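Please see the structure below; I have some questions.
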Amino acid sequence: MRFLQFSNKIQNVLRINLVSRIEQRKLQFSTRKALNFKQVFQQTTNFRSYNSKVKDEFNSLSGSKDSNTNENDAVISTFDLFSIGIGPSSSHTIGPMRAAKKFIKELKQNNVFRKITRIRIDLYGSLALTGKGHGTPNAILMGLEGETPDGIDTTKIANRIAQIYETDILRLDGMKPIKFIPEKHLIFHYHETLLRHPNGMRFIAFDEQGDCVASGDFFSIGGGFVINETKIHENGKNIFHKDEKNSDIVKQDVILSAFSFSNAEKLLQNCKRENMSIAQVVYQNELQWRSKEEIKKKVMDIWNTMDQSIQNGCLSTEEYLPGSLKVRRRAPGLYNKLLKDMYPQISSNSTIKNSLLQPLPMAIRKSTAVNVLDVISVYAIAVNEENAAGGKIVTAPTNGASGVIPAVLKYYLEFISEQNSEKEIMDFLFTSAAIGMLYKKRASISAAEMGCQGEIGVACSMAAAAFAAVMGGTPEQVEDAAEIGMEHNLGLTCDPIDGLVQIPCIERNALGGIKALGAAQLALRSKNSFAKVTLDQVIETMRQTGVDMQTKYKETSQGGLAVNVPLC
């Protein structure tokens, strides 16, 4: 923390996140008191960014891994990768909402909340370039009003935002009204990027005299994870939580992973040494945090939310998705057609509520009329249309790629599984989580860093591994499936038209699910692993590809389809 002392009147400017002096001077406005820079004090702070449970958040930007990082750090939790939130973007919606809420929490912790009469928000890089299309401003305003991604009532967001714009009043933490003029106090820096990450945001709080009381820089690094400027893993061992109720840091000597792994090689070594599946390794690690009952409940909450998002998308009566593109919802129509193919006896007047979203008869499950490509496509599109509409979904591992894993898992449960059991759901999600952890730790799941290979590519790799696992694959075959799933998504760009998570994002989820099944099938056809490329090698390749990729292809809407498709 850095304190600046005013002349004539002793008043501290609280820097919630450490910022360079050059950036710091940019923050100072025409205040009524002259600043005295002769006395600058640094103070150790215990502020924690509550949802960055990662080891190497920024190493991918430098082009090489930090050799000093402890490879035996604690693992990421499944429930950090899979978290319930709202659409349309984990990095541009969920992350900024959490950061805004965190900023308010830290103002309270430092006893300056009551002084605040005005707040300014600065968005940088990708958050500025595609923030409007991704819902970033609305998410931040809701976060400042005390909302959380998993707790907010999505049906009331539009009315609440409209009220803020009409009245120019923002209620901090839902109770303290302050003057807020969005056109004046919400600034988009389209051609500037903060040093740490492309998804940067800065909050600045002022008192009644117009003096800057506090400011903080936060970075949304993908999947809903948020870190601040000062806490970027001091020793590679710290664990952070997304849960707002438990936002303080927990040291590794308090919570140890039963089986730590920093790469796929070590993960497989754990499996071989302990004679465990990948899912069992992850489960044993989760037991260090939670009881068996709590783990089971949280897993089923995740799956039930995924399943509900599929149903909501398939049964939606809305014709268009929100936004300038006027994209028609396709899931309901595709779902109707799928029903008619499977149940030809259903009359055309029947409603789609007579759905295959219920348990299927064995005759239908084994029917040759069932087209797996249609099933996967409908389910994936349904989820991502819900995401695009700002509905409730699960980051898997991001919002933009949230349809792949639910689609593949639902296909397995409905058409392949003989048990449709909770154990199978846990095995699927724990296996996919293990693979997601590797990408998160060794590369990134942020499209602003990696392009869409870091979202759809990672989701495809995770789903391929999980499907291979529940189909009886060995840990080696599961690793092969994950590697194949990513290998054929390398270099995938992120180029959303008009900054909306719609085109090409929605269809990419359908193709990601289909690729995942193909990757798993190839891996399962090999009794022994003959892979020439390992999962660790393909993850490093993805990271290097992301570093080399031009910025215009990384969630900025400055290249690709975003500039070659005219807006009508």
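Using the Cα centre as the reference, give the magnitude of the dipole from point charges on the C-beta atoms of segment 264-553 (Lys, Arg: +1; Asp, Glu: -1; all else neutral), rounded to the nearest 20 debye.
My answer is approximately 300 debye.
Within the accessible area of segment 264-553, what % is carbon and sulfur when the probe is 1.4 Å and the other protein chains stay in place?
Using a 1.4 Å probe with all protein chains present, segment 264-553 comes out at 50 percent carbon and sulfur.
Specify, per residue and in Å³, the volume enclosed by the convex hull of the alpha carbon atoms belonging to segment 483-568.
89
What ranking, highest mean first, results for peptides 521-527, 301-307, 90-96 when packing means the other Cβ atoms within 10 Å averaged over each residue?
The peptides rank, most packed first, as 90-96, 301-307, 521-527.
Okay, moving on. Amide H neighbours of Ile86 under 5 Å, counting only residues 5+ apart in sequence or on other chains, H built in-plane at 1.01 Å?
It is Ile393, by chain and number.
Excluding ligands, DNA and RNA, what is the solvent-accessible area per residue of segment 92-220 at a probe of 1.4 Å, expressed in Å²?
37
What share of all Cα pairs of segment 425-555, in percent, falls into each consecutive 5 Å distance bin?
Cα pair-distance distribution for segment 425-555, in percent: 2, 13, 22, 22, 19, 12, 6, 2, 1, 0.
Can you give the direction-averaged projected area of the convex hull of the alpha-carbon atoms in segment 113-199, in nm²?
Result: a mean projected hull area of 6.3 nm².
For segment 264-553, with the dipole built from +1 on Lys and Arg beta-carbon atoms and -1 on Asp and Glu ones, taken about the Cα centre, which of Val281, Thr317, Gly400 lies farthest toward the positive end?
Thr317
Can you tell me the accessible area per residue over segment 443-568, all protein chains present, probe 1.4 angstrom, in square angstrom?
I get 38 Å² per residue for this part.
Could you tell me the distance between the Cα centroids of segment 74-136 and segment 296-323, to the nearest Å?
Cα centroid to Cα centroid, the span is 23 Å.
Cβ neighbours within 10 Å, averaged per peptide: list 122-129, 395-402 in order, most packed at the top.
Peptide ranking by packing, descending: 395-402, 122-129.
Rounded to the nearest angstrom and ordered from largest down, what semi-axes does the equivalent ellipsoid of segment 264-553 get from its C-alpha gyration tensor (root of 5λ)?
With the √(5λ) rule applied to segment 264-553, the semi-axes are 29, 24, 17 Å.
Would you mind checking Lys115/Lys392; Lys292/Lys441; Lys176/Lys440; Lys272/Lys554; Lys266/Lys515 for any pair whose Cα atoms are more than 31 angstrom apart?
Long pairs (Cα-Cα over 31 Å): Lys115/Lys392; Lys176/Lys440; Lys272/Lys554.
The values are calculated or read from the model by the stated rules, or taken from the named source; none is laboratory data. No experiment lies behind these values; they were computed from the predicted model shown. Cβ sites come from the backbone with ideal geometry, for glycine too, and all protein chains shown count toward neighbours. These area figures cover heavy atoms from the full protein model, side chains too; ligands, DNA and RNA do not enter into them. Shrake-Rupley method; radii C 1.70, N 1.55, O 1.52, S 1.80 Å.
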